[in-house]
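This report refers to the structure that appears directly beneath it.
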Amino acid sequence: MVSKPFRVYKSMKYYEMNFDKNTSEFTGDSLLINVKVLNNKDELINEFAENFIVTNKSGYRDKWHKRLFKVNKDQELRVAMKVIKNNLKKSKRNYIKFKVRYASKKVPTSYYYKVFIYSFFAMIVMLFIPKKWF
């Protein structure tokens, strides 16, 4: 499945791809999709596998997925999806929607700031733990 081309702009470097899955089954579903982001010359920009596996623990939480990718140039992009693994029953109610929208430039940096803050506090806590506990 290949999407229609969409335009990206020089001002926005980060784009967010949202997936929404709706299936008639709730447990035991397994759906693995290979997603490729291509430019207008069919060159690969980004590739990843999106895994929609529903277990008793995850339930509805595994319904929505987000991916963030970076684009450097002003160009047209297309998204190609290929089903790798599927054990869903055929039904008209089963669908996967995806949409691409721009993400703020602060999204990646705020994530790295959180990782830095958590690791900094973990290092401080490790200073006060006696060495004989290791």
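Derivation of every value follows stated rules applied to the coordinates shown; laboratory data play no part. All figures in this text were calculated on a predicted structure; none of them were measured in a lab. Cβ coordinates were reconstructed from backbone atoms using ideal geometry, including for glycine residues, and neighbour counts include every protein chain displayed.
Each peptide in 115-126, 75-86 was scored by the mean count of other Cβ atoms within 10 Å over its residues; highest first, the order is 75-86, 115-126. Between Gln75 and Val8, the built amide H atoms are under 5 Å apart, and every one of these is 5 or more places off in sequence or on another chain.
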